[in-house]
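Below is one structure; the comments refer to it alone.
The values are calculated or read from the model by the stated rules, or taken from the named source; none is laboratory data. Since the model is a prediction, treat every value here as computed from it, not as a measurement. Backbone-built Cβ (ideal geometry, glycine too); neighbour counts: all protein chains shown.
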2 protein chains.
Amino acid sequence: MAADSQKKATVSSTVEDYLKVVLKIEDMKQRASTSRVARHLDVADATVTDMLRKLKKVGLLEYKPYYGATLTRKGRQMAVRILRRHRLLEMFLHQVLGYGWEQVHQEAERLEHAVSDLFISRIDALLDFPAQDPHGEAIPDARGFRQVEDDLCLSEAEPGSYSVRKVTNSDPEFLAYLDKVGLRPATRLSLQEKAPFQGPLKLLPESGREPVYLGLEASRSIFVLPLKDRPPASAPLPEGRASQGSVGRPGRGAGKE
Amino acid sequence: MAADSQKKATVSSTVEDYLKVVLKIEDMKQRASTSRVARHLDVADATVTDMLRKLKKVGLLEYKPYYGATLTRKGRQMAVRILRRHRLLEMFLHQVLGYGWEQVHQEAERLEHAVSDLFISRIDALLDFPAQDPHGEAIPDARGFRQVEDDLCLSEAEPGSYSVRKVTNSDPEFLAYLDKVGLRPATRLSLQEKAPFQGPLKLLPESGREPVYLGLEASRSIFVLPLKDRPPASAPLPEGRASQGSVGRPGRGAGKE
DNA sequence: CCCTATTTTTAGATCAGTCTAATAAATTTG
DNA sequence: CAAATTTATTAGACTGATCTAAAAATAGGG
Ligand SMILES: [Mn+2]
Ligand SMILES: [Mn+2]
Ligand SMILES: [Mn+2]
Ligand SMILES: [Mn+2]
């Protein structure tokens, strides 16, 4: 009964990347307009117009000309699947093959389209079902459920104590820099002051005694959790069951999608 | 000096597969004719004619119309590189992710084009620089050197004692069957008789007491090493330093390519 | 050496994904 | 609100990889 209701419907890696970008834009509560999608994928606007029409035709998204795209249930499902693969692969590269957190993204961007479901389930088990990737981003589970991300953008934060939750930027240079100054997931830091007029933030990471001055723009890709205020560099994290960047706040209130 | 003599010259995964097939055919001492290449890749002859002309133009092979292709130094180098990737990946899937030897080929066929050089060198080290893949085939080293394969095809062998060196067939069904009857690399066996008129071979693998009757055709993909004749199922292997299917006869007389 | 069968190449098309340049719609602004 | 600016679509073209059908070359058998 209901035999072919779930067709395999395999798509190209190009399509997978389009879906992932639309998901990312939607997650940022923005409109997935032609030009925004084009910028993320580094292709011409005209190319995107075309592709969005095709994706609408195969039911992976809605598309209103002069407005943009919205994922359908099926499109979102596929996008989340790729996101899961991407992040699991990043974690695998980091933990098993010793890649730096600034190296994983590029490789995962290709492998996410090439590995089989078996590969994914094997590395998932090997890593003991990780909940975050090396950048602190949540890994959707095998059913496509995503942890609610209730963190705060550093650019919006008031002076005080925080721990780094995730870094949403894949530029290797930038990540290497953050690593150097001691900013990575689970690092505690105190935000000491924010200069006015789009000025930089003065941070004190718990490691490295030197204060770090971070541009406002850069701070937009760092997300933090407020720490019950205590003298900086002392309070323990909520839990954090393991090694590495795994902050491990378990899926309290994990919601669909 | 001689700065750009080694251009990166990246090719598509399609081209990589063409080169690999031509290499395989040349290794079998056959002529890489249009139709033979087409059969290996499961594409139309016309497609191959076209591609061979393109590959000649970019200097990866020689192509004589109505004759076929011959790899150039550069083409062979690329082909061997992919072969190395393929076999290392197979070994990785088998040893680290627990794939069966009948499952590795298909996955490696895709991943060989997708992983980076870093990935390859990391798994190479993780596996402690393996010399054979799960089917017993030699893994070219990082410089592209290939071990000389001085084994004997079972279809050509006289009755006597042997050990399985490699199985050159990637059909999952067939490999699963061999596994079931206890035929895998490093298995010792006695070839008891060969029925005349293209008849089957009667084999006694050291494991499993039952004799195995193997079609002549099937026996063509099994390669063996003669054992200094001794009562079957007793003689130790030349060495065999490790677990699994790693027969480990080290590169005595490793030759170029 | 001719005729037939096989192999290979040529010709012409298709499909996915991309581009640039031209046009059109939507939005912002004086 | 009309003009200017920005955003998006349309039109036309290209590349890589593939196919089918027709034509041509080669190889074998008498
Ligand atoms: Mn990708
Ligand atoms: Mn990540
Ligand atoms: Mn391949
Ligand atoms: Mn193999």
- Message: Yes or no: region B:58-76 includes at least one residue that is more than 16 Å from B:Pro140 (Cβ to Cβ), of a type in the set (Asp, Glu) and more than 16 Å from ligand 2 (Cβ to nearest atom).
- Response: yes
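For A:Gly144, are the conditions met, namely being on the phi > 0 side of the Ramachandran plot, more than 11 Å from chain B (Cβ to nearest Cβ), more than 10 Å from ligand 2 (Cβ to nearest atom) and not polar (S, T, N, Q)?
So A:Gly144 passes the test.
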- Message: Out of the helices (runs of 4 or more DSSP H) lying entirely within region B:85-181, which hold 1 or more residues that are closer than 20 Å to A:Glu107 by Cβ?
- Response: B:104-114, B:117-126
- Answer with yes or no whether B:Gln132 is surrounded by 18 or more Cβ atoms within 10 Å (Cβ to Cβ), modelled with pLDDT under 95 and either within 14 Å of chain A (Cβ to nearest Cβ) or within 30 Å of B:Lys8 (Cα to Cα) (or both). no
- Task: Might you check whether a residue that is in contact (Cβ under 8 Å) with a residue 24 or more places away in the chain, crowded, with 18+ Cβ neighbours inside 10 Å and within 14 Å of ligand 4 (Cβ to nearest atom) occurs anywhere in region B:198-211?
- Result: no
- Message: Considering only region B:38-45, I want to know if a residue exists there that is more than 16 Å from DNA strand C (Cβ to nearest atom) and either in the same structural domain as B:Pro130 (by TED's automatic domain parsing) or over 18 Å from B:Ala114 (Cβ atoms) (or both).
- Response: no
- Task: Could you run through region B:111-129 and say how many residues are buried (at least 17 other Cβ atoms within 10 Å of the Cβ) and either β-branched (Val, Ile, Thr) or more than 9 Å from every other protein chain (Cβ to nearest Cβ) (or both)?
- Result: 5
- Yes/no for A:Leu61 being crowded, with 17+ Cβ neighbours inside 10 Å and away from ligand 1 (no atom under 16 Å from the Cβ): yes
- Residue tally, condition in a loop (DSSP other than H, G, I, E, B) and either closer than 22 Å to A:Glu149 by Cβ or among the β-branched types (Val, Ile, Thr) (or both), over region A:198-223: 2
- Task: Tell me the helices (runs of 4 or more DSSP H) entirely within region B:1-71 that contain at least 1 residues that are modelled with pLDDT of 95 or more and under 22 Å from B:Leu111 (Cβ atoms).
- Result: B:13-27, B:34-41
- Please work out if A:Leu55 is under 20 Å from A:Lys74 (Cα atoms), more than 16 Å from ligand 3 (Cβ to nearest atom) and either exposed (fewer than 13 other Cβ atoms within 10 Å of the Cβ) or away from chain B (no Cβ under 14 Å) (or both). yes
- So is A:Leu71 farther than 30 Å from B:Asp117 by Cα, touching a residue at least 40 places away in the same chain (Cβ under 8 Å), crowded, with 16+ Cβ neighbours inside 10 Å and in contact with an Asp or Glu (Cβ under 8 Å, 6 or more places away or on another chain) or not? yes
- State whether one or more residues within region B:87-110 are among the polar types (S, T, N, Q), touching a residue at least 60 places away in the same chain (Cβ under 8 Å), crowded, with 17+ Cβ neighbours inside 10 Å and within 11 Å of chain A (Cβ to nearest Cβ). yes
- Only residues that are away from DNA strand C (no atom under 16 Å from the Cβ) and not in a loop (DSSP other than H, G, I, E, B): list them for region A:72-84, please. A:Arg73, A:Lys74, A:Arg76, A:Gln77, A:Val80, A:Arg81, A:Leu83, A:Arg84
